[in-house]
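Down below is the structure, laid out as structure tokens.
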Amino acid sequence: MPTKRDYYEVLGIARTAGGEEIKRAYRKLAIKFHPDNYKGEKSEGETKFKELAEAYEVLSDPQKRQRYDQFGHEGLRGAGVHDFSSMGFGDIFSMFQDIFSGGGFGGASMRGAGQAGLDLETEVELTIEQVATGVDQTLEFERQDFCESCGGTGARPGTTPAKCNTCGGYGRVQQQVSGFFGMSVRVVACPDCHGTGKIVRDRCPKCGGTGRTRKKRVLTVHLPPGIRDGQVVRVRNEGEPARHGTNKGDLHVYVHVRPHPLLVRQGDDLVCRAPVNFAVAALGGTITVPTLAGPEDIDVAPGSQNGQVITLKKRGLPSVTGGRHGDQHIQLFIEVPKKLSPKQRELLEAYAETENENITPQRKSFMDSLKEYFKK
């Protein structure tokens with residue numbers, strides 16, 4: 001996943017900024033990077049607009065801000081921070097409607113606001129062993145949810161919201177605007193009911209008429225075998241309802257696979273570098289290597305060379321799409337002793353005297369090529 005910028009840097013404010021200063025900074029920059037106003041690349045403006053929304057959500061919430069100031073981005077795991085990268089502009093406007101109510105945006109800004117639910121994101125960390133088998137992971141996080149007292153209507157229990165008189169319950173009104181070619185009519189969200197078609201006159205005392213309360217959520221998510229670092233698992237309908245919507249968004253679970261101290265993942269294969277002493281490489285023998293099933297003894301053939309690879313078939317990771325397993329590759333590297341005992345030195349010197357009697361094809365080829373080169 002890409003590295004997130006510091007939220008204070010994103011909004012261009014000091015770490016001591018108060019709530020009103022944070023709000024003003026966000027509104028000013030959101031207006032600048034909104035697609036109706038931004039003059040640069042559309043994708044760049046959209047990315048910055050969503051980055052601003054994420055920074056404002058955290059810094060405008062005292063609890064989230066405290067966690068962020070103390071622990072940084074890592075401290076926000078499970079804190080109910082929204083996945084703004086997957087949201088449309090209408091969803092963002094619905095979340096921060098009080099910020100944008102003063103205008104400064106084109107007619108498209110409220111189109112479809114509140115219809116879609118809001119997505120959330122969280123992270124999980126897995127070991128290679130968990131990736132090999134798959135795992136049911138328990139997640140705990142907070143989210144805005146329908147108020148249990150009023151059922152999400154925002155009205156006091158026993159009452160119902162009234163039809164909006166301004167739009168007649170349609171949630172949309174016509175508005176005349178002047179343009180280059182004269183006056184024109186456009187349809188916008190009703191300014192009184194904010195597109196819902198309903199007005200809450202007697203508010204629910206528990207949620208204050210918002211229809212939403214913050215709740216702790218615990219659920220179990222299945223992460224399949226073979227899942228990869230950075231992969232995202234989407235859990236449907238585990239996000240939040242928009243401010244005036246009824247459908248919930250999704251929860252995006254970002255997977256981080258913890259590096260293994262001895263095994264390196266390459267696709268579905270696993271690679272291990274195993275040290276082999278000179279005697280075992282020359283004479284052959286057995287070494288112990290790590291595998292997903294635990295330590296395992298493997299045979300090293302006599303005359304094994306540095307960098308040689310021994311493959312254990314189907315001992316790697318399963319493919320996330322199913323149907324096959326990767327392999328585990330053991331790469332040998334020959335250890336040359338840095339210090340020799342007198343006895344070892346005596347034996348090696350005796351061996352060295354016999355080396356010219358048994359020249360390997362590789363060394364003979366090299367020596368012949370060397371002689372030819374210096375004849376020139």
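Nothing in this text is a laboratory measurement; each read-out follows from the coordinates by a stated rule. Note that the coordinates shown come from a computational prediction; the quantities given were computed from them, not determined experimentally. Using ideal geometry, Cβ is built from the backbone for each residue, glycine included, and neighbour counts are taken over all protein chains shown.
Output the direction-averaged projected area (hull surface divided by four) of the convex hull of the alpha-carbon atoms of the stretch 171-313, in nm². Spell out each step's value before the answer.
Numbers: hull surface 72.5 nm².
Here the figure is 18.1 nm², rounded to one decimal.
Can you give the FRET efficiency for Arg236 and Arg258, using 1/(1 + (r/R0)^6), R0 = 25 Å, r = Cβ-Cβ distance, to the nearest 0.05? Show your work: numbers first, answer last.
Details: r = 27 Å, r/R0 = 1.09.
My answer for the efficiency is 0.40.
Provide the gained length on full extension for the span Lys314 to Arg172, in nm with one decimal, where the gain is 0.36 nm per separating residue minus the Cα-Cα distance. Could you put the intermediate results ahead of the total?
On the way: separation 142, 0.36 × 142 = 51.12 nm, distance 6.08 nm.
Here the segment from Lys314 to Arg172 would lengthen by 45.0 nm.
How far apart, in nanometres, would the label points at Asn165 and Thr286 be if each is projected 7 angstrom from Cα along the Cα-to-Cβ direction?
9.2 nm
List the aspartates and glutamates whose Cα sits under 17 Å from the Cα of Lys216, skipping any in the same chain fewer than 8 residues away.
Lys216 reaches Asp61, Asp119, Glu121, Glu123, Glu140, Glu142, Asp145, Glu148, Glu238, Glu240, Asp250.
Can you list the lysines whose alpha carbon sits under 20 Å from that of Lys28, skipping same-chain ones fewer than 8 residues off?
Lys39, Lys42, Lys48, Lys50
Would you please put 149-157, 341-349 in order of how densely packed they are, using the mean number of other Cβ atoms within 10 angstrom per residue and starting with the highest?
Working: 149-157: 18.8, 341-349: 10.3.
So the order, starting with the most tightly packed, is 149-157, 341-349.
What is the ratio of the Cα radius of gyration of the stretch 18-72 to 2.2 N^0.38 Å, with N the residue count, to two decimals? Walk me through the intermediate numbers first.
On the way: Rg = 12.6 Å, N = 55, 2.2 N^0.38 = 10.1 Å.
With N residues counted in the stretch 18-72, Rg over 2.2 N^0.38 Å equals 1.25.
Of the options Thr321, Ala352, Pro302, report the single residue whose Cα projects farthest towards the positive end of the charge dipole of the stretch 264-370 (beta-carbon charges: Lys, Arg +1; Asp, Glu -1).
My answer, from the dipole projection, is Thr321.
I'd like the distance separating the alpha-carbon centroids of the stretch 263-334 and the stretch 223-259, in whole Å.
A separation of 35 Å, based on Cα centres.
Based on Cα coordinates alone, diagonalise the gyration tensor for the stretch 241-295, multiply each eigenvalue by 5, take square roots, and list the semi-axes in whole Å, largest first.
Working: eigenvalues 499, 16, 12 Å².
For the stretch 241-295, the ellipsoid semi-axes come out as 50, 9, 8 Å.
Would you work out which of Cys272, Ile334, Gly284 lies farthest towards the positive end of the dipole of the stretch 264-370? Charges go on Cβ: Lys and Arg +1, Asp and Glu -1.
About the Cα centre, the residue reaching furthest to the positive side is Cys272.
Residues in the stretch 201-234 near a label at Ser85, defined as backbone nitrogen under 20 Å from the 7 Å Cα→Cβ point?
Within reach of a label on Ser85: 223-224, 227-234.
Using the Karplus equation 6.51 cos²θ - 1.76 cosθ + 1.60 (θ = phi - 60°), what ³J(HN,Hα) coupling, rounded to whole Hz, does each residue of the stretch 326-334 give in order, writing x for Gly and Pro?
Result, rounded to whole Hz: x, 10, 10, 10, 9, 9, 8, 10, 7.
Starting from the Cα-Cα distance between Gln66 and Glu335, subtract it from 0.36 nm times their residue separation and give me the gain in nm to one decimal.
On the way: separation 269, 0.36 × 269 = 96.84 nm, distance 5.20 nm.
Roughly 91.6 nm would be gained on extension.
Calculate the FRET efficiency for Glu140 and Arg5 from the Cβ-Cβ distance with a Förster distance of 22 Å, rounded to the nearest 0.05. Before the final figure, lay out the partial values.
Working: r = 27 Å, r/R0 = 1.22.
So, using R0 = 22 Å, E works out to roughly 0.25.
Excluding residues on the same chain fewer than 8 positions from Lys215, give the lysines whose Cα lies under 19 Å from its Cα.
Result set, ordered by chain and number: Lys64, Lys206, Lys248.
Please say if the stretch 264-370 is rounded, prolate or oblate, where rounded means a/c under 1.5 for a ≥ b ≥ c the square roots of the C-alpha gyration tensor eigenvalues, and otherwise the choice is prolate for a/b larger than b/c and oblate otherwise?
Prolate is the answer for the stretch 264-370, as a/c is 1.5 or above and a/b outweighs b/c.
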